[in-house]
Amino acid sequence: MQFSSRRKKFTTNSQTELYSHPLLFYVQPPLENISLMEFETFAVERLKLLKTIENLGVSYVKVSDQYIKKLEAESKALNFLYRPEADDRKPQSGPTEQEKRRKDHISHFILRLAYCQTEDLRRWFIQQEVDLFRYRFNALYPKQKLEFLHRNNLQYDTISVEEKKALHDKLVNSSYAVSGITVEDQDFYKVPFQDALDLVRSRKVYLKAGYVYIPHQEIVTIVLNDFRTRLSKALALTARSLPAVHSDERLQPLLNHLSHAYVGQDYSIQKNVGKISLEQIDSLSGKSFPLCMRQVHQSLRENHHLRHGGRMQYGLFLKGIGLSLEQALQFWRSEFIKGKVDADKFDKAYAYSVRHMFGKEGKRTDYTPYSCMKVILSNAPSQGDHHGCPFRHSDPELLKQKLQVYKVSPSGIIQILELVKGMHYQLACQKYFELTHNVEEASFSLNHPNQYFIESQKVLGGGRDIKRETDAPQKPQENSTKAPIAAPEAAANTQDVAEMTEELDSFFQDA
Amino acid sequence: MPASDYDSACLPDILPLYYRRLFPFSQYYRWLNYGGVQKNYFQNREFSFTLKDDIYVRYQSFTTQNELEKEMQKINPYKIDIGAIYSHRPNQHNTVKSGTFQALEKELVFDIDMTDYDDVRSCCSAAEICPKCWTLMTIAIRVLDRALRDDFGFQHLLWVYSGRRGVHCWVCDEAARKLSVAARSAVAEYLSLVKGGDETMKKVVLSDPIHPFIRESLVLVERYFPLYALQDQDILGRKESVDKVLALTPEDVRKQLQQDFQNEKKPENRWNLLKDQAKRKQGTSKKGQHFEKEIMLQYCYPRLDVNVSKGVNHLLKSPFSVHPKTGRISVPIDLKELETFDPFAVPTISMICEELDRPRTVEEEEKSEETNDKENEKDAAESRKIRDYKRTSLAKYVKCFDQFLDVMSRSWKGELLKKSDLQKDF
Ligand code: SF4
Ligand SMILES: [Zn+2]
């Protein structure tokens, strides 16, 4: 972990050069030292941005004005670069463009570490990064685009003047972007059709003998394809160096949290304790629980038992909606003793883990209710389990039946299943919320089962006071006791942990 | 017609004969082994069988031609489907860690089914077909074959009659077998022009500029349209069908044509009137007015089942499988004789089994002697089988399959040479 000062100097010099173009192709991992604090903030904010992208991508056409406007606003709010101007005057407030580019660079690589671990995570990450990249590339001025290609050595085969002449009519007829006049002074790139699927699909290019002829305006497609391929290769490589990351005690928990992180409230702070009585749970589970919790609740009532995965998912959720420890103990005990477990065995074998959830045993860590990401991505249910997210883990056919039982209209079911098919589980859940609560468009973006509950109570008018009391701080992850940005005590904290992650780049060395 | 002789009840009796003496196992293996260029290509291929009473067994796989042959002769499947090449032996899919058993490759396939054309054919409906509507399949093959070859650059296309009411296409090029799901769906969508279900009246909408692919397709469609649509289906004859066509034109044109048609009954002339209107429109308005083209495409353009083409792990009925309902063998279609291909002339299993029982003609005797001499190094059973199918009307279809394989094997030879050259370099 000791680095020579020589290296630092080199780092600073190359940094200015590295960030001289607004768009990065993320070829080089960051070489500098960063504090754990920055590490965390950067990562969480990029995650927020990617979440936004996922949501926008479903509601809007990806190149539409609205999409671009919303994405621009979000980028701006999170201090990610949002305009291509290379304006490095110190702004009145907030970071400079250079600083934003640095943040963009570092945060991308941190999330690579967190999101290379499983196929699901990789797929999600690549999709969002590709969309982000598309938006940014499109926003560049033509000159900057060329610069970008040049800097990153992206060369694609262009066709000769003769070939262009020979294909003149076909090229003109293949694209809106080309007219008889412009065809002469435009470059056309010739690539295998597999590299420009979107253009093939929509018949926006001329296709001959397996090659597509892409007018310069559409070059974003090829660049994106390149970006996607490289990122996916890089993630596979990074995954291989994960053992090194996992052996790093400071990084490992952080990264795990990131990959399960949702961005929003963490619902662990209990200000609404005791607002709910045990008698209410059955009716609430039908009205205001998301399907993941309704499902475990139902199976608990039926089988008087739940396996570990279900107990964790459900127990923490119940804590989040306001059950006190005493209530929780009573709740689990009364149900379990109806089954094969007697009171004595319950106290010996299970009470501990309930107390554990409330941080009263063991390490006394306060467990945070699971976010959707966590429910969806980690610990998939197996035989005999009832936890997990029904939108992700139920067979579509079964899900359909379930939705029918819950009286969702046939057209609603189709919409939900469409979203599921596109792997937008949380949006499917949100759609379910809208349909069952009779709201046109939910005013929130769902990322947490407890959020679902609170929003539901809001709509049903039952939770006005609950809502006021859960104004929890925006906390990115459970075991950071400090607010992420600039709280005084956090600053002190930073010093302890400064430079802990100085070898971030070493994890990417073989990438 | 011998087809009417077929009775599905006798399948259990004649299937054993078919698999023992007629099914072209060696060609079949030659195909799916693809020259052995890739390791375990045949071994990791999924087969699935439909047995009596619709019992369906998936994830069958075989290590050798012999093993496949033995198994088929043992269970005598009513129907054979071919699936993907997997990461592991499909018959061991339960023993590998979940998530690691994955479909890796498969031919790019297309399935065109006559039932998808019910709104544009009046001669038949559902599973029925007749020579009149069969033209739709001819058009489909022409259009897709051209596009897959010229636009996508594929060369090894095997067209197969499904045995009942449609055709399948197996694109066997190496590049096609390796396509991702996304690429398959992009190809299928590129090729799809007719959109919308029963709720949509106008299923083809063209916009300017008209893509070269659509222009090329139109050239082919135009060739068949007068005979198929105007004559055979008489779409501009009866009142209801005329209304259906006119509904696809702009309102002012529709009014005009309704009047004109009162004095003009001949379908060809009516079509010319409609085309005149289209020409006039195109002269005046700037926006794309291509309703005459749209009508032709809506009535004739191939309708693909995109889902079949998309999935790598989707199963498709195998060539030379029997169609249990009709008894017809699923045979390769020779494109050189596409115009005269007659689905009703395709032999049924009962027909070819009968032909086997016929006493041989002198000529056949002589021929079989010849083959016997030439192939005397092969074991006797094998050569007898060759003689057997040659005595039936299955022969010409197997020959067509052989030709397809011969062409394709040239590309394997290239591959294998490259490989061994590489080895020499080391
Ligand atoms: S999306 Fe979230 S809240 Fe909805 S069911 Fe899945 S995990 Fe639960
Ligand atoms: Zn017919």
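Candidates A:V420, A:V408: the one that is at negative phi, part of a loop (DSSP other than H, G, I, E, B) and surrounded by fewer than 23 Cβ atoms within 10 Å (Cβ to Cβ) is A:V408. Listed by position, the strands (runs of 3 or more DSSP E) contained in region A:122-237 that have at least 1 residues being open to solvent by less than 10 Å² (accessible area, probe 1.4 Å) and more than 10 Å from chain B (Cβ to nearest Cβ) are A:188-192, A:211-215. Scanning region A:301-319 for residues that are in a helix (DSSP H, G or I) and either within 16 Å of ligand 2 (Cβ to nearest atom) or touching a residue at least 60 places away in the same chain (Cβ under 8 Å) (or both) yields A:G309, A:G310, A:M312, A:Q313, A:Y314, A:F317. Among the residues of region B:194-215, those that are within 11 Å of chain A (Cβ to nearest Cβ) and surrounded by 19 or more Cβ atoms within 10 Å (Cβ to Cβ) comprise B:H211, B:P212, B:F213, B:I214.
When B:R149, B:R184, B:R142 are checked against the criterion of being basic (K, R), without any contact (Cβ under 8 Å) to a residue 12 or more places away in the chain, more than 16 Å from ligand 2 (Cβ to nearest atom) and in a helix (DSSP H, G or I), B:R149 stands alone in meeting it.
The lone criterion from (1) within 16 Å of ligand 2 (Cβ to nearest atom); (2) over 30 Å from B:C300 (Cβ atoms) left unmet by B:W134 is number (2). Return a yes/no flag: does region B:108-117 have any residue that is within 14 Å of chain A (Cβ to nearest Cβ), more than 16 Å from B:S318 (Cα to Cα), touching a residue at least 24 places away in the same chain (Cβ under 8 Å) and not aliphatic (A, V, I, L, M). The answer is no, given that none of the residues of region B:108-117 is within 14 Å of chain A (Cβ to nearest Cβ), more than 16 Å from B:S318 (Cα to Cα), touching a residue at least 24 places away in the same chain (Cβ under 8 Å) and not aliphatic (A, V, I, L, M).
Only residues that are away from chain A (no Cβ under 14 Å) and open to solvent by 10 Å² or more (accessible area, probe 1.4 Å) were counted in region B:139-156, giving 2.
When residues in region A:408-428 are screened for being touching a residue at least 40 places away in the same chain (Cβ under 8 Å) and not hydrophobic (A, V, I, L, M, F, W, C), 4 of them pass.
Among the residues examined, B:K70 does not qualify as within 17 Å of the chain's Cα centre (by Cα) and in the same structural domain as B:P332 (by the TED database).
Just checking, which of B:S241, B:S309 is in contact with an Asp or Glu (Cβ under 9 Å, 6 or more places away or on another chain), of a type in the set (S, T, Y) and surrounded by fewer than 21 Cβ atoms within 10 Å (Cβ to Cβ)?
Details: B:S309 fails: surrounded by fewer than 21 Cβ atoms within 10 Å (Cβ to Cβ).
After applying the criteria, what remains is B:S241.
Return the residues of region B:157-188 that are basic (K, R), open to solvent by 10 Å² or more (accessible area, probe 1.4 Å) and under 30 Å from B:A127 (Cβ atoms); say none if nothing qualifies. Walk me through how you get there before you give the answer.
First, the residues of region B:157-188 that are basic (K, R): B:164-165, B:177-178, B:184.
Narrowing further to those that are open to solvent by 10 Å² or more (accessible area, probe 1.4 Å): B:164-165, B:177-178.
Result: B:R164, B:R165.
Of all the criteria given as (1) modelled with pLDDT of 85 or more; (2) surrounded by 12 or more Cβ atoms within 10 Å (Cβ to Cβ); (3) away from ligand 1 (no atom under 14 Å from the Cβ); (4) basic (K, R), the one not satisfied by A:K402 is (3). Pairing each residue of region B:123-134 that is without any contact (Cβ under 8 Å) to a residue 60 or more places away in the chain and over 14 Å from B:A345 (Cβ atoms) with any residue that is away from ligand 1 (no atom under 16 Å from the Cβ) and not in a loop (DSSP other than H, G, I, E, B), provided the two are 6+ apart or on different chains, yields C-beta distances under 6 Å for B:C124/B:C133; B:S125/B:D118; B:A126/B:T115. Looking at B:R45, is it assigned by the TED database to the domain that holds B:V171 and open to solvent by 60 Å² or more (accessible area, probe 1.4 Å)? It is false that B:R45 is assigned by the TED database to the domain that holds B:V171 and open to solvent by 60 Å² or more (accessible area, probe 1.4 Å).
Output the residues belonging to region A:378-399 that are open to solvent by 60 Å² or more (accessible area, probe 1.4 Å) and either outside any helix (DSSP H, G or I) or within 16 Å of ligand 2 (Cβ to nearest atom) (or both). Reasoning before the result, please.
Let us first name the residues in region A:378-399 that are open to solvent by 60 Å² or more (accessible area, probe 1.4 Å), namely A:379-380, A:382-383, A:386, A:392, A:395-398.
A:N379, A:A380, A:S382, A:Q383, A:H386, A:D395, listed by residue number.
Filtered by the rule that a residue be in a helix (DSSP H, G or I), out of contact with any helix residue (DSSP H, G or I) (no Cβ under 9 Å at 6 or more places or on another chain) and closer than 14 Å to A:G274 by Cα, region A:320-361 gives a lone residue, A:E326.
Looking only at region B:321-359, residues that are at pLDDT below 95 and under 13 Å from the mean Cα position of the chain (by Cα) come to 0 in all.
Considering only residues that are charged (D, E, K, R) and within 16 Å of ligand 2 (Cβ to nearest atom), look in region B:72-130 and name the one that is most open to solvent (accessible area, probe 1.4 Å).
Of the residues in region B:72-130, the ones charged (D, E, K, R) are B:74, B:79, B:81, B:89, B:97, B:105-107, B:111, B:113, B:116, B:118-119, B:121, B:128.
Those still in the list that are within 16 Å of ligand 2 (Cβ to nearest atom) too: B:113, B:116, B:118-119, B:121, B:128.
Details: B:D113: 31, B:D116: 71, B:D118: 61, B:D119: 46, B:R121: 12, B:E128: 103 Å².
Top of the filtered list is B:E128.
The values are calculated or read from the model by the stated rules, or taken from the named source; none is laboratory data. For clarity, every value in this text was computed on a predicted model and none was experimentally measured. Cβ sites come from the backbone with ideal geometry, for glycine too, and all protein chains shown count toward neighbours. Protein only, heavy atoms only, side chains kept; ligands, DNA and RNA dropped before computing areas. Shrake-Rupley method; radii C 1.70, N 1.55, O 1.52, S 1.80 Å.
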